[in-house]
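Asker: Next up is a structure, given as structure tokens.
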Amino acid sequence: MKLLNSAALFSFSLNRFKFPPLSAQSLLRRHNSQLQQLRFSQFRVSLSFSRSAGAATMCTSPPSVHVKDRIDLTPKEREIFDRLLQVLRHFKLQTQLRVAGGWVRDKLLGKDCYDIDIALDDMLGREFCEKVNEYLSSEGVETHGIGVIQCNPDQSKHLETARMRLFDVWIDFVNLRAEDYSENSRIPTMRFGTAKEDAYRRDLTINSLFYNINTSSVEDFTEKGIKHLKSGKIVTPLPPKQTFLDDPLRVLRAIRFGARFGFLLDEELKKAAADDDVIAAIADKISRERVGHEIDLMMSGNEPVKAMLHISELQLFWAVFSLPPKAEPPTPEGCERLCVAYMDSAWRLLQLIGTSSIVDNQLRLCLYAALLLPLRKSVYEEKKGKKIPVVSYIFRSSLKLKASDAETVFSMHLAAENFLSLIPLIISDENLQTLEGNEKRITIDVPLPSKRRILTGLLLREIKEFWRPSLVLALLLHPQDIGLSENSSNKDAELNDRMALYSRVENAILDMGLDKVWELKPLVDGKRIMDILQIKSGGPIIKEWQQKLLQWQLAHPSGSTEECVDWMKDAQSKRARTE
């Protein structure tokens, strides 16, 4: 998908869709008008989502969680662990091998997990991997390469980790550790620790469990891990405020795991997460890359709305999605609730529609675009004086995500705006008589039904495979802005109506044969155009005729190259006589 570069993000405007451009001033005027509506409604946004399958309500009763009494190993896991025990026996090592964290949690929950991290009590991971290779060599078995991931405190990587592939599975090896934090840094002083010290320095009790390979047993050194797993609670092993001040990234991890498993956040944890000192620490002590990574995991997870609702209700929204200075217009109070309301509506609408035709990355970026929909016309001025969308700043600076993600989301926002005027034309022949300003977008003379195909085709050629997510965004605003709805009792009915409207628009686009219209090849290339016009060099006139010929192809899907050339010659002849 060919998208805009960062310097041209805002000046790009609607011109890329071959539609009349809206100036920055026009966008700001329209947005200011919408903000007046938002202020008058005082952002009484309904977040009562409990009736939907994708509900994002803060539950008050603990979930019912089935936790297994023992861990059942797969044949592959047993093979790996037996090999590691053979190494211990061969060298007569007293080392205790423990699988740590998420693997233990997931296995107790009866879930598959392929991420095996092994903690060692008396040596570095690299040293043990070397022992493994030495043993394999003594047995005449092929040795394996050892990958060493150096510590990187800025990326929340505090210890060296060794990686080795055993039986086609990557295993991470690291020593047990204890952490000592200084007052003004989230980077701890590390030292070898006991298994109990290691368990208590972890982010959550449910992630502090070990599976001891030597004894084939689960170890719960905090004496709370299994209890909280069974009760469905997210709790820190140590007092939460100090835990979060030591490493503020743990706040986001607590939210992510709470949303992922549908577990309740502990009340003391929520109080600590919303503490001003912790919020400041999130902004000041965590690298934005790590913030973006956690948010991306939430957005790609099974309960993204619930995660964003936690972030909003814990007053963390603007610490995470930080804004540039002097954004225009200023973000009104309560905007974060509106952001989550849009995302919830998009999530619920997507569940109704079914996401079989929207692949994972499209779904992820659609949710980002819905979340940031209230900011779609907000801009800020960069050093060179150019107006840049706030959405671009959030992706590039606040979350440090890919520039292409920022460009795609911005393009989806523009496409959603253009869908708004096209939806009535796409679904009803009656609306073709009044094109509501769309007429001037078409530069060739064709019948009214063909104009519908041209307008729709031009839009889809720009947004390409993201046209369905863009249509979902448009339906949050059409026929009326769902984000401004104050009546939660009508929300389900509204979403069902919009789901039906989505199907009508999608079917109309498919009936017009426009799916993958961006793959349409021109019947007449630039060289042929120059020959027909009898000119020796290109320029604006070539681009103008390329657009006209594209529109002709969209209007005549069965047209041949010869017919297209004949039309061009005839049109050029009429133009010459007129001039």
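Asker: Within the stretch 359-372, how many residues turn out to be hydrophobic (A, V, I, L, M, F, W, C) and out of contact with any Asp or Glu (no Cβ under 9 Å at 6 or more places or on another chain)? Walk me through how you get there before you give the answer.
Answerer: First, the residues of the stretch 359-372 that are hydrophobic (A, V, I, L, M, F, W, C): 359, 363, 365-367, 369-372.
Then drop every residue that is not out of contact with any Asp or Glu (no Cβ under 9 Å at 6 or more places or on another chain), which leaves 363, 366-367, 369, 371-372.
Looking only at that region, the number is 6.
Asker: Looking at the stretch 99-123, which of its residues are among the aliphatic types (A, V, I, L, M) and either in contact with a Phe, Trp or Tyr (Cβ under 8 Å, 6 or more places away or on another chain) or more than 21 Å from residue 176 (Cα to Cα) (or both)? Reasoning before the result, please.
Answerer: The initial filter retains those residues of the stretch 99-123 that are among the aliphatic types (A, V, I, L, M), namely 99-100, 104, 108-109, 116, 118-120, 123.
Selection gives 99, 100, 104, 108, 109, 116, 118, 119, 120.
Asker: Just give me the residues in the stretch 315-347 being acidic (Asp, Glu) and either open to solvent by less than 20 Å² (accessible area, probe 1.4 Å) or closer than 19 Å to residue 393 by Cα (or both), in sequence order. Reasoning before the result, please.
Answerer: Of all residues in the stretch 315-347, those acidic (Asp, Glu) come to 328, 333, 336, 344.
Passing the criteria: 328, 336, 344.
Asker: With the structure loaded, tell me whether residue 357 is out of contact with any Lys or Arg (no Cβ under 7 Å at 6 or more places or on another chain), under 20 Å from residue 408 (Cα atoms) and among the small types (Gly, Ala, Ser) or whether it fails that test.
Answerer: Values: out of contact with any Lys or Arg (no Cβ under 7 Å at 6 or more places or on another chain): no; under 20 Å from residue 408 (Cα atoms): yes; among the small types (Gly, Ala, Ser): yes.
Taking the combined requirement at face value, the residue does not satisfy it.
Asker: Oh, and also: Please go through the stretch 101-116 and give me each residue that is modelled with pLDDT under 95 and closer than 17 Å to residue 166 by Cβ, ordered by number.
Answerer: Answer for the stretch 101-116, where residues must be modelled with pLDDT under 95 and closer than 17 Å to residue 166 by Cβ: 113, 114, 115.
Asker: Further question on the same structure: When you go through 236, 215, 222, 243 one by one, which is the residue that is modelled with pLDDT under 95, polar (S, T, N, Q) and either under 27 Å from the mean Cα position of the chain (by Cα) or closer than 21 Å to residue 104 by Cβ (or both)?
Answerer: Numbers: 236 fails: modelled with pLDDT under 95; 215 fails: modelled with pLDDT under 95; 222 fails: modelled with pLDDT under 95.
That would be 243, the only listed residue that is modelled with pLDDT under 95, polar (S, T, N, Q) and either under 27 Å from the mean Cα position of the chain (by Cα) or closer than 21 Å to residue 104 by Cβ (or both).
Asker: Which members of the stretch 132-185 meet the condition of being modelled with pLDDT under 90, more than 21 Å from residue 293 (Cα to Cα) and among the aliphatic types (A, V, I, L, M)?
Answerer: Hits for the stretch 132-185 are 148, 178.
Asker: I'd like to check which helices (runs of 4 or more DSSP H) are fully inside the stretch 232-318 and have at least 2 residues that are without any contact (Cβ under 8 Å) to a residue 40 or more places away in the chain.
Answerer: Numbers: elements: 240-246, 249-261, 267-273, 276-285, 288-299, 304-313.
Correct list: 240-246, 267-273, 276-285.
Asker: From the set of residues in the stretch 526-579 that are over 30 Å from residue 512 (Cβ atoms), in contact (Cβ under 8 Å) with a residue 12 or more places away in the chain and part of a helix (DSSP H, G or I), which is least open to solvent (accessible area, probe 1.4 Å)?
Answerer: 533
Asker: If you take the residues in the stretch 457-491 that are modelled with pLDDT under 95 and among the polar types (S, T, N, Q), which one is farthest from residue 416 (Cα to Cα)?
Answerer: Here the answer is 489.
Asker: Sticking with this structure for a sec: Kindly provide the set of residues from the stretch 186-207 that are modelled with pLDDT of 65 or more, assigned to a loop (DSSP other than H, G, I, E, B) and touching a strand residue (DSSP E or B) at 6+ places or on another chain (Cβ under 7 Å), ordered by number.
Answerer: Looking only at the stretch 186-207, we keep the residues that are modelled with pLDDT of 65 or more, and these are 191-207.
Going one step further and asking which of them are assigned to a loop (DSSP other than H, G, I, E, B), we end up with 193-194, 201-204.
Matches in the stretch 186-207: 193, 201, 204.
The values are calculated or read from the model by the stated rules, or taken from the named source; none is laboratory data. This one's a predicted model, so the numbers in the text were calculated from it and none came from an experiment. Here the Cβ is made from the backbone with ideal geometry for all residues, glycine too, and neighbour counts use every protein chain on show. Side chains included, ligands, DNA and RNA excluded: accessible areas come from the protein's heavy atoms. Shrake-Rupley method; radii C 1.70, N 1.55, O 1.52, S 1.80 Å.
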